[in-house]
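Some notes on the structure that comes next.
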Amino acid sequence: MTEKLYKAAISVGVLVLLVYLSVEIHPLSEYKLAKAGRTFDAAAFSQEYWDEIVLPGLGQAVPLDSLIQWLETDKEKTFDQYGSALSIGNIRYFLVKGTGLVEELNQDYLKLKPDNRKLTIAFEFIYGNAARDAFDVIDLNDFDSTSELNSVSEHLNSIIKNNIISSFSKSVKLGDHVGYIGVIELNRQHLMLQDLEIIPLQLSLRPDFQQ
Amino acid sequence: MEKSTSIRNYRDILIKFQSLLALVILCFVLAMMTDIFFTSSNMLNVMRQISVNICISVGMTLVILTGGIDLSVGSILALSGALTAGFLKFGLELPFFDTFIGFTIFGAVLIGILSGTALGTFNGLAITVFRVPPFVATLAMLTIARGFTMLYTKGFPISGLGQNYAFIGTGWLLGIPVPVWIALTVVAIAFFVTNKTRLGRYIYAIGGNESAAQLSGINIRKIKTIVYAIAGGLAALGGIIVTSRLDSAQPNAGASYELDAIAAVVIGGTSLSGGKGTIGGTVLGAIIIGVLNNGLVLLNVSPFWQQVIKGFVILLAIIIDKSNTRK
């Protein structure tokens, strides 16, 4: 009988300890009130992110030629120092800048020919998380769902298309000298530096350029 | 006479160590064909990748040892992973009591493992109480659990589970990935249970001859239900490692994981008819599958061909198993 009592007492004790270590209890009304204050407006968040993070952050862009040189010298260190990403894995985004001559131009992209390398600047297909993830600011845990997070990328990509590409694509022509700041995506495991695509964050014509 | 005994001894040794021999040959061939294979980073990568399969395969071994099969482990993995992620991220709202329960990592993991164990228990009860064949009962659970996963996640991944939770799947302890430590712990416990406990002896006895086991007083229903519950719990553990590693619970996670687990068990020498096999053999089987997967990727073999090759390896293992049983 005493043994049974001991066993029951120990079982209850373990159960209480497990529950204590497992849960935090709050009044639902308070929780919902706090949650309502956090209703997510993706469009407003993205515009604010563009104005306060992306535009002021453009100054951090590194020259593309230098980045490539660093990557060829010490890939790991360069990825750690200049690469950004929200998720784990081998994909990292790099904020880069540079100039080049327009070698090919159509509604989907323009191809630049800098001194030693060919680059594509995306015009039509602005997809993915490059603009969102290149600044190491967003914390996954601040979002309640993946769809909220994805909607930020979606809105940022719209801003790029409407604010950056739309006007630039009307004025640029073959042979123009173009300056860019944008994001490239690189894979740490399978590093490909020959075929780079830039998601543009700033594009400008350099009429003063002398060939 | 002496010569034939000696040949038989060699054959017995060969049969006993066939999995190990296969692994050594596989490693040798891959080391010859690619420089990356034998690097420490690749070895650690392989170990991390196989740890989930080891957890599931250990449970599958126990089930197959009793003469059963569990096709639902992949779906249980997905549902338990989703529940763990969901409880961790969103907690539980109880409007009737005006209460919100938030879960710590420990609590969410506990929920995940308990849910997997409950689903496994359900499998066990369907098989023992309602006498549904294991293949059918667990096939039903495969779709039930997958359906519940889709309902719970609404078809979307649950992401952003935090750095602390990510430690389970991506962290390191003493230079070894945490999932490998978890798999080693599971293997050690399963080894102890199968070799040193009454439950282990009962499992072998049921698989060897169920009628004889029943006549000798073993509670078949209870032992089988426990075994399926353990398999469910271990699948849930696999689900927790996967969600932690990906920092996301994917609704389609674990699809066809049951096949890799069954393959590991069979390649490891466990007889599909039950009663014969070891946890060590299963670990070897899981390593062979992991090394094979890794090698095929390193050799740039198309994913379609990878499936074909894996299928043939499993078939070969079963043919060898049958041929050894006949002898």
Inset, instruction - Mind listing the long-range amide H neighbours of A:I91? Cut-off is under 5 Å, sequence gap 5 or more, other chains count too, H placed in the peptide plane at 1.01 Å from N. - result: A:R188
Legend entry - Computed helical MRE - 222 nm, chain A, DSSP H runs ≥ 4 contributing -39500 (n - 2.57), nearest 500: -11000 deg cm²/dmol
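Normalised by the residues of the range B:31-326, what does the relative contact order come to in percent, with Cα pairs under 8 Å and at least six apart?
Result for the range B:31-326 is 34 percent.
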Legend entry - Percentage of interatomic Cα-Cα distances in the range B:31-326 larger than 37 Å: 14 percent
Inset, instruction - Check each of the chymotrypsin sites (Phe, Trp or Tyr not before Pro) in the range B:1-95 and keep only those in coil by DSSP with at most 13 other C-beta atoms within 10 angstrom; list them in order. - result: B:F38
Inset, instruction - Output the relative contact order of chain A, whole-number percent, from Cα pairs under 8 angstrom with separation of 6+ residues. - result: 23 percent
Inset, instruction - Take the range A:41-205, compute every pairwise Cα distance, and split them into 10 Å bins from 0; I just need the percent in each bin. - result: 10, 41, 35, 13, 1
Legend entry - Pairwise label distance in nanometres, B:W305 with A:A9, each label 7 Å out on the Cα-Cβ vector: 6.9 nm
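State the dimensionless ratio Rg/Rh of the protein assembly as shown (Rg: radius of gyration of Cα atoms; Rh: Kirkwood radius). Could you put the intermediate results ahead of the total?
Numbers: Rg = 28.5 Å, Rh = 26.8 Å.
Checking Rg against Rh, the ratio lands at 1.06.
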Inset, instruction - Any chance you could check the Cα centroid distance between the range B:231-251 and the range B:180-221 for me, in angstrom? - result: 25 Å
Inset, instruction - Project the alpha carbons of the range B:76-118 onto their principal axes and report the range along each, largest first, in whole Å. - result: 31, 18, 13
Legend entry - Under-5 Å amide H pairs with B:T66, H placed in peptide plane, nonlocal only: B:G275
Legend entry - When the convex hull of its Cα atoms is projected in every direction, mean area for the range B:136-256 (nm²): 9.6 nm²
Legend entry - the range B:202-207 - phi-based ³J(HN,Hα) in whole Hz, Karplus 6.51/-1.76/1.60, Gly and Pro as x: 5, 4, 5, 5, 5, x
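Can you flag which of A:K97/A:K161; A:K77/A:K97; B:K154/B:K224 are past 23 Å Cα-Cα?
Too far apart for the 23 Å limit: B:K154/B:K224.
We did not get these values from a lab; they are worked out from the coordinates using the rules stated. Note that the structure is predicted; figures quoted are calculated from it, not measured. For neighbour counting, all protein chains shown are included, and Cβ atoms are generated from backbone atoms with ideal geometry for every residue, glycine included.
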